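Here the structure comes first, spelled out in structure tokens, and everything after it is commentary.
Just so it is clear, none of the values below were taken in a lab; they were calculated from the coordinates. Quick caveat: nothing in here was measured; it's all calculated off a predicted structure. Here Cβ is always computed from backbone atoms with ideal geometry, including for glycine, and neighbour counts include all displayed protein chains.
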């Protein structure tokens, strides 16, 4: 689960929040004026996310290639 804090809080305690992200391995959502504006995460967690996304895309592509042309056309 992601932690949430304001950009102001993050600026005031950057080291604390970075240490917390490293320990929890959870992303940190930064808010500006109460609205989520960006997400910060460790580089290892980000790379893991990219790897998982690529694996999911590869599985989808493999499933799509198993369809007959008629099935693929019906999906379009």
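Below, the figures for the structure above:
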{"quantity": "Cα convex hull of region 3-66 - mean projected area over all directions, nm²", "calculated": "5.3"}
{"quantity": "Gain on full stretching of the segment that runs from residue 4 to residue 50 - 0.36 nm per residue minus C-alpha separation", "calculated": "14.4 nm"}
{"quantity": "Distance between modelled label sites at residue 14 and residue 38, nm, 7 Å Cα→Cβ extension", "calculated": "1.1"}
{"quantity": "Residue order, fewest to most surrounding Cβ atoms within 10 angstrom, among 15, 22", "calculated": "15, 22"}
{"quantity": "Residue order, fewest to most surrounding Cβ atoms within 10 angstrom, among 4, 60", "calculated": "60, 4"}
